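Enquirer: Structure below; questions to follow.
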Amino acid sequence: MTIKKILTEPNKILRQISKDVLSVGNEERKLMDDMLQTMYNANGIGLAAIQVGVPKRIIVMDISKDRNSPMYFVNPLIKNKDIKMSTYEEGCLSVPDQFAEIDRPSFCEVEYLNYNGEKKLLKAEGLLATCIQHEMDHLEGILFIDYLSKLKKNRALEKVKKIQKKNNEESK
Ligand code: ZN
């Protein structure tokens, strides 16, 4: 398994719309393995393929405390969602060290293909619902900071740029 580089804002690739996967084969499974390893390595709970520069509709997640319950979603589609909203403080591996409270439907049903290419239905609520919706936004080129006011979004982006500048200087 390979740990991949996670793209961070600002980066045009993160704004691409990802493409449907035609079939789940060894190439896709290798990508999912690498994505999972990359996500664990970065202490994340979810990662979309576009965050490692691959514009495919693939997501990996693990919201368990023990970090041993990986979930894989290929071509996920929201079939149903609640009008009721929940608020969670969200962060994103592509927007390092920035957090904000975001409202999203508190329940959703998602149809998807699993690691073996089998069609499944997930009924998600709580953190799981928020996480899958956050990750599915990545497939449309949407980041959680897009839901913030312009002022807050710009402030977050400025901070990310500052952190990156500092990291670059330290690695010189
Ligand atoms: Zn994210």
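The values are calculated or read from the model by the stated rules, or taken from the named source; none is laboratory data. Because the structure is a prediction, the values reported are computed rather than measured. Cβ sites come from the backbone with ideal geometry, for glycine too, and all protein chains shown count toward neighbours. In case anyone asks, the SASA skips ligands and DNA or RNA and just uses the protein heavy atoms, side chains included. Shrake-Rupley method; radii C 1.70, N 1.55, O 1.52, S 1.80 Å.
Enquirer: Taking the simple approach of a point 7 Å from Cα along Cα-to-Cβ for both Asp146 and Asp33, what is their distance in nm?
Expert: Taking the simple label geometry, Asp146 and Asp33 are separated by 3.2 nm.
Enquirer: Per DSSP H run of at least 4 residues, take -39500 (n - 2.57); add these up for the chain, divide by its residues and hand me the 222 nm value, nearest 500 deg cm²/dmol.
Expert: Details: 3 runs with 51 residues, N = 172.
So the calculated ellipticity at 222 nm is -10000 deg cm²/dmol.
Enquirer: Quick one: if you take sqrt(5λ) for each eigenvalue of the C-alpha gyration tensor of the chain, what semi-axes come out, biggest first, whole angstrom? Walk me through the numbers on the way to the answer.
Expert: Details: eigenvalues 125, 85, 40 Å².
Equivalent ellipsoid semi-axes, largest first: 25, 21, 14 Å.
Enquirer: Separate question: Between Lys119 and Glu89, what is the FRET efficiency for a Förster distance of 25 Å, r being their Cβ-Cβ separation, to the nearest 0.05? Could the numbers behind the result be given before it?
Expert: Details: r = 33 Å, r/R0 = 1.31.
In this case the efficiency is close to 0.15.
Enquirer: How are the alpha carbon pair distances in segment 100-148 distributed across 5 Å bins from zero to the largest one, expressed in percent?
Expert: Once binned at 5 Å, the Cα pair distances of segment 100-148 give 5, 19, 26, 25, 15, 7, 3, 0.
Enquirer: Under a point spin-label approximation (7 Å from Cα along Cα-to-Cβ), what is the Glu109-Asn80 distance to one decimal in nm?
Expert: Result: 0.3 nm between the two label points.
Enquirer: Work out the length of the dipole vector of the chain about its Cα centre, built from +1 on the beta-carbon of each Lys and Arg and -1 on the beta-carbon of each Asp and Glu, and round it to the nearest 20 debye. List each step's numbers first, then the result.
Expert: Working: 28 positive and 25 negative charges, 114 e Å.
Using only the charged Cβ atoms, the result is roughly 540 debye.
Enquirer: Between Gln16 and Asn168, what is the spin-label point distance in nm, taking each point 7 Å from the Cα along the Cα→C-beta axis?
Expert: 2.2
Enquirer: Roughly to the nearest percent, how much of the accessible area of segment 8-59 is carbon and sulfur, given a 1.4 Å probe? Intermediate values should be presented prior to the final figure.
Expert: Values: 1250 of 2450 Å².
After summing per-atom areas, the C and S share lands at 51 percent.
Enquirer: A further question on this structure: How would Met136, Met32 rank on accessible area, largest to smallest, probe 1.4 Å? Intermediate values should be presented prior to the final figure.
Expert: On the way: Met136 25, Met32 0 Å².
My answer, sorted largest first, is Met136, Met32.
Enquirer: Given a cut-off of 19 Å, name the pairs among Lys65/Lys152; Lys30/Lys56; Lys5/Lys165 whose C-alpha atoms lie farther apart than that in the structure shown.
Expert: On the way: Lys65/Lys152 30 Å; Lys30/Lys56 13 Å; Lys5/Lys165 17 Å.
Flagged as over cut-off: Lys65/Lys152.
Enquirer: Just to verify a number: what accessible area does Asp137 come out at with the full protein assembly present, 1.4 Å probe, Å² rounded to tens?
Expert: 20
Enquirer: I would also like to ask the following. Taking every alpha carbon pair in segment 82-172, what does the distance histogram look like in 10 angstrom bins from 0, in percent?
Expert: 15, 38, 28, 15, 4
Enquirer: Quick check for me: using +1 on Lys/Arg Cβ and -1 on Asp/Glu Cβ, what's the dipole size of segment 1-67 about its Cα centre, in debye to the nearest 20? Before the final figure, lay out each step's value.
Expert: Details: 11 positive and 8 negative charges, 40 e Å.
Computed about the Cα centre, the dipole is about 200 debye.
Enquirer: Quick one: work out the % antiparallel among DSSP beta bridges in the chain, nearest 5. Provide the component values of the computation, followed by the final result.
Expert: Details: 26 of 27 bridges.
Within the chain, antiparallel bridges account for around 95 percent of the total.
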